[in-house]
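Before any comments, here is the structure.
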Amino acid sequence: MSNPHFILFDGPQRPDLLPITATRAIADLRIGILTIKEKWEKHLNTSVSILTQHYLQPKYPFQNQKNTIYINAAFLPNKNLVDTIIQLNEATALIQENKIIAFKSKKAISTLEAINLNEYSVTEISNQNVIQYPWDIFTQNGNEIKNDIQLLDLKPNPDKLSKTNILLGNQIYIADGATCEASVLNTKDGPIYLGKDSEVMEGCTIRAPFALGEHATLKMQTKIYGDTSIGPYCKVGGEVSNSVLLAYSNKGHDGFLGNSVIGEWCNLGADTNNSNLKNNYSKVKAYHYPTKSYINTNLQFCGLIMGDHAKAAINTQFNTGTVVGVFANVFSAGFPPKFIADFAWNLDVFQLEKAYEVAQRVMERRSIILTENDKNILKYIYENR
């Protein structure tokens, strides 16, 4: 029999992960150094396809084949889980606490609606890491940086670090073209990874675990606390703690970002700050799209969740556990609401054609074109907000 084909599908966790998943499949979420898709491909040593929402599917080339193993993309891979999945028999499924992890099908499945677990015999396992809510991205990020270092089989190379820096420990991993000058890097509690052609400007202070994506920049005197990932092509300044910026987003100036997840093509104006701890030290509640209500995160520290293309004006003050939707524009005085809807323009609505214009203008600065697929995705979100 031929080797199985692998498909990462959006599981039932997908609505819980809005607004981060409004513009992408779960498999495209970045946590640690790599996206979830990249992690699975490294573990499986083969390319994988993505099965997602109908309005997102044109963004992802899809191979519909028999002898396919379908994997819930919300689950993070590890060697034991991968070995178990590869050994699945036909018409068998793997679950954890009633959450589907994977199943093997003898028939081709082309839509999420066609998945029916009643057709499969079930095996239960436990202790697998799953991304259920957006805040799981930053709470699990530090461990995933460490896991990705091992998965990529990287070796420390402190000899590549300029002598103008101060290095504590030796868990530094520097990719080709990365530069770092006159900064302090503390790797005693984990690894620091500087991606291809990334730049750490003078005077930065970084505590591990930390990952800086390819072509990303830390501006002068940036302060980075551990469990933080700055995705490809991001530009970051000020103070950042236990946060993940997926890619192409800017926090270019002073201000605090903590315990947060920022999508792509976002911009935080100068001196934007978020609270990550309530005054009474109680657990933080955050907006939940499926129920249109606030749910308990069970976290004492939870900051800002921001969907793609959202923007915040200078001196914006985000309250604890604020959720900002896709293409929202925030520029009110004082604390804005703890939930800001998709395409909000302060108290008005950001018109779709204007949104296209802004997106194209922003993306052209990185030599990227706003495609018809991109427009159709934004249109769907706009019409269903």
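What follows is calculated from the coordinates using simple rules that are stated; it is not laboratory data. Computed from a predicted structure; not experimentally measured. Here Cβ is always computed from backbone atoms with ideal geometry, including for glycine, and neighbour counts include all displayed protein chains.
Below is a table of values for the structure above.
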quantity	calculated
Backbone HN-Hα couplings from phi across the stretch 304-311 [Karplus 6.51/-1.76/1.60, Hz, Gly and Pro as x]	10, 10, 10, x, 4, 6, 6, 9
Listed peptides 82-88, 39-45 by packing density, highest first (mean Cβ within 10 Å)	39-45, 82-88
Mean Cβ count within 10 Å, highest first, over the residues of peptides 210-218, 163-171	210-218, 163-171
Whole-number percent relative contact order across the stretch 265-385, with pairs defined as alpha carbons under 8 Å at least 6 apart	21 percent
Eligible lysines near Lys251 by straight Cα distance, threshold 16 Å, same-chain separation 8 or greater	Lys219, Lys223, Lys235, Lys311
Residues of type lysines that Lys99 reaches as a straight line, Cα spacing below 30 Å, ignoring anything fewer than 8 places off in the same chain	Lys37, Lys39, Lys42, Lys59, Lys66, Lys79, Lys107, Lys146, Lys283, Lys285, Lys292, Lys338
Fully extended contour minus Cα-Cα distance, from Asn129 to Ser110, at 0.36 nm per residue	4.2 nm
Ranked by how many other beta carbons lie within 10 Å on average, peptides 230-242, 89-101 from highest	230-242, 89-101
Net length gained if the chain between Thr205 and Tyr55 were fully extended (0.36 nm per residue, minus Cα distance)	49.8 nm
Under the Debye formula (equal points on every Cα, no solvent term), log10 I(q)/I(0) of the stretch 135-263 at q = 0.09, 0.20 Å⁻¹	-0.20, -1.10
Anchor Lys104: aspartates and glutamates whose Cα lies under 15 Å away (excluding residues fewer than 8 positions away in-chain)	Asp83, Glu90, Glu119, Glu124
Where N is the number of residues in the chain, Cα Rg divided by 2.2 N^0.38 Å	0.98
Sequence-separation-based contact order of the chain, relative, with Cα cut under 8 Å and 6+ spacing, percent	11 percent
Footprinting exposure proxy for Ser332, Ser260, Ser110 (fewest neighbouring C-beta atoms within 10 Å first)	Ser110, Ser332, Ser260
CD proxy at 222 nm, helix term only [per DSSP H run n ≥ 4: -39500 (n - 2.57); per residue of the chain; nearest 500]	-4500 deg cm²/dmol
Met363, Met220 arranged by Cβ crowding within 10 Å, fewest neighbours leading	Met220, Met363
Per-residue Cβ neighbour rank within 10 angstrom, fewest leading, Lys278, Lys311	Lys278, Lys311
